[in-house]
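First the structure, in the form of structure tokens, and then the observations on it.
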Amino acid sequence: MMRVTAGSTLPLKLFAVVAAVEVAAVTIGVPALQWITRPLLVPLLIWFLIRKRQPDMVVYALGFAAAGEIALLIPNRGGLLTGMVFFLGTLVCLTLAFLNRAKPLPAPSAFFALLAVSGNALFGDQWGALRVPMLVYSLALAAMAAAAAGVSLLIAAGGALFLVSDVLTGLSNDDLDPIAVALHAAALALIVIGWARPQDEQGSERAGVEQPVRRTRAWAGHDAGGRVADDGAVYLSR
């Protein structure tokens, strides 16, 4: 079991506070405050994760995300494209990490693939010169969400929220921006918390119930009355 102490959750508590201030800054429209809060968010999650496990692909993904968050604060097309490139790195690293731990589930994979194709068909013409970058990014986003669905419930929820937050951001609606920022922060937090859990906990969480009991019968012999002397070993496989 993962040991939880007050000190171990300090980065998450700080993350929650900073995320709340970030959402407030977006809601009331204070870009200067966003320049303070947004660069702090992902490093706090990295701090939490590296206290739980050795640096791996998810930590590298967060590194790309930290750079992407800063790039997206730049209010021009160059900042947008740079941010997309960094977050594309995030998606690739997350996808590789998730696929290394579990196989993607068919139903979520089909759903997210259909969602990506439908989104590009419906909104592709509105993206103009950004159509190809958005196509690549949306496919990578769908692949990450599909891969996340096979790991655990927490990570699946994080992957889905990541996709939803990016869709809301892509709609370029000021009223939806605070919701998108809140969902994005929640998505990263769920992925990190889920990834910090031991792998056996994730497996049982994903299944929802204990895996079926497997039995091996090793008939050692029978007594004179034909009764079984040894019914073999019974064990649980998770």
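Would it be correct to say that residue 64 is open to solvent by 70 Å² or more (accessible area, probe 1.4 Å) and either part of a helix (DSSP H, G or I) or touching a Cys at 6+ places or on another chain (Cβ under 6 Å) (or both)? So residue 64 passes the test. Residues being closer than 19 Å to residue 147 by Cβ and open to solvent by 60 Å² or more (accessible area, probe 1.4 Å) are entirely absent from the range 37-47.
Scanning the range 7-61 for residues that are in a helix (DSSP H, G or I), farther than 14 Å from residue 185 by Cα and of a type outside the set (A, V, I, L, M) gives 27, 31, 35, 47, 48, 60. So, residue 114, is that one open to solvent by 70 Å² or more (accessible area, probe 1.4 Å) and aliphatic (A, V, I, L, M) or not? For residue 114, the condition - open to solvent by 70 Å² or more (accessible area, probe 1.4 Å) and aliphatic (A, V, I, L, M) - is met.
Taking the range 82-101, which residues are farther than 18 Å from residue 163 by Cα and of a type outside the set (D, E, K, R)? The answer is 82, 100. Scanning the range 137-152 for any residue that is part of a helix (DSSP H, G or I), over 10 Å from the mean Cα position of the chain (by Cα), of a type in the set (A, V, I, L, M) and surrounded by fewer than 16 Cβ atoms within 10 Å (Cβ to Cβ) turns up nothing. Suppose we keep only residues that are at pLDDT below 95 and within 17 Å of residue 95 (Cβ to Cβ) within the range 166-205. Which one would you say is most open to solvent (accessible area, probe 1.4 Å)? Among those residues, the one meeting the criterion is 166.
When only residues in the range 54-82 that are at pLDDT 95 or above and among the small types (Gly, Ala, Ser) count, which is farthest from residue 44 (Cα to Cα)? Looking at residues that are at pLDDT 95 or above and among the small types (Gly, Ala, Ser), I get 71.
The values are calculated or read from the model by the stated rules, or taken from the named source; none is laboratory data. A quick note: this is a predicted structure, and the numbers were derived from the prediction, not measured. Positions of Cβ are generated from backbone atoms using ideal geometry, with glycine treated the same way; all protein chains shown enter the neighbour counts. Surface accessibility is based on the protein's heavy atoms, side chains included, excluding ligands, DNA and RNA. Shrake-Rupley method; radii C 1.70, N 1.55, O 1.52, S 1.80 Å.
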